[in-house]
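Quick notes on the structure that follows.
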């Protein structure tokens, strides 16, 4: 495993947050660094989404923590009630991705002894926002991610893996975990679905995105037919044609016909994918 661009950029963002924290007080560098680590993602829109969740969660946790700290900052009963309220409010506002950080901020405020809760709560919002801003800036300005190029490489790995499974299922009659492969293909399909913002920011070619989508759909088509082949071979179904054909010695099992059909579809679709791959390689 190599050290990728995301790892390097995360380290840079954390370093900048640590430097920032030296000019601030109250562990601001620590909280900013955590925000930067969570925010740093593969695409800008995903980073922005994570950052937004972080801000929402921090704000909710800080506000609830401040109000509860005014009553009794170290009350176990209030901490328990506050956690329930924090989770409830996040769910009510559909901020499920913000629940964890909201609870962390709430607890940090409630358990910070001899600290004025108001400036402490405000500082948590400020340093979190600063960490997010640093992460977004670093992600955009340094080694801008190329998600489609990364997806193409991942597609190539899945192409090789599926090629091996075709031989194992059709020629070697082996039992293969095709569901794991299916999960990988679906995960890749999600990664390749860029929104308009990411297409512009990451300077991706829309034709390349469409070509990749077609290649991924090709893998899914081959998987589906190969899955049928595997299931038919495992079941060894003893179905026959209609009773009127039972006396015909040349008649085949229905399962044999279905098996032949899906096997042919596997090879036909596989040939089409290889042709698409050659065109993509020439571009």
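The values are calculated or read from the model by the stated rules, or taken from the named source; none is laboratory data. Remember, predicted model here, so these are calculated numbers, not experimental data. Ideal geometry is used to build each Cβ from the backbone, glycine not excepted, and the neighbour counts take in all protein chains shown.
Is there a residue in the range 80-95 that is at pLDDT below 90 and surrounded by 17 or more Cβ atoms within 10 Å (Cβ to Cβ)?
No - not one qualifying residue is present in the range 80-95.
Out of all the residues in the range 15-26, is one or more crowded, with 18+ Cβ neighbours inside 10 Å, within 20 Å of the chain's Cα centre (by Cα), on the phi < 0 side of the Ramachandran plot and in contact (Cβ under 8 Å) with a residue 60 or more places away in the chain?
no
Determine if the range 81-93 includes at least one residue that is under 29 Å from residue 24 (Cα atoms) and in a loop (DSSP other than H, G, I, E, B).
Scanning the range 81-93, I find no residue that is under 29 Å from residue 24 (Cα atoms) and in a loop (DSSP other than H, G, I, E, B), so the answer is no.
What residue, of 33, 15, is in contact with a helix residue (DSSP H, G or I) (Cβ under 7 Å, 6 or more places away or on another chain) and modelled with pLDDT of 90 or more?
Within the list 33, 15, the selection yields 33.
Can you confirm whether the range 94-110 contains a residue that is in contact (Cβ under 8 Å) with a residue 12 or more places away in the chain, under 23 Å from the mean Cα position of the chain (by Cα), not assigned by TED's automatic domain parsing to the domain that holds residue 271 and not in a helix (DSSP H, G or I)? Even if it seems obvious, please write down each step before you answer.
Residues of the range 94-110 that are in contact (Cβ under 8 Å) with a residue 12 or more places away in the chain, as a first pass: 95, 97-110.
Among the residues that remain, those that are also under 23 Å from the mean Cα position of the chain (by Cα) are: 95, 97-102.
Pick out the ones that are also not assigned by TED's automatic domain parsing to the domain that holds residue 271 and you get 95, 97-102.
Add one more test, that the residue is not in a helix (DSSP H, G or I), and what stays is 95.
Yes - at least one qualifying residue is present in the range 94-110.
Scan 78, 70, 63 and give me the residue that is assigned to a helix (DSSP H, G or I), without any contact (Cβ under 8 Å) to a residue 40 or more places away in the chain and either under 30 Å from the mean Cα position of the chain (by Cα) or at negative phi (or both).
78
Taking the range 60-77, which residues are under 19 Å from residue 99 (Cβ atoms) and touching a helix residue (DSSP H, G or I) at 6+ places or on another chain (Cβ under 6 Å)?
60, 61, 62, 64, 65, 66, 68, listed by residue number.
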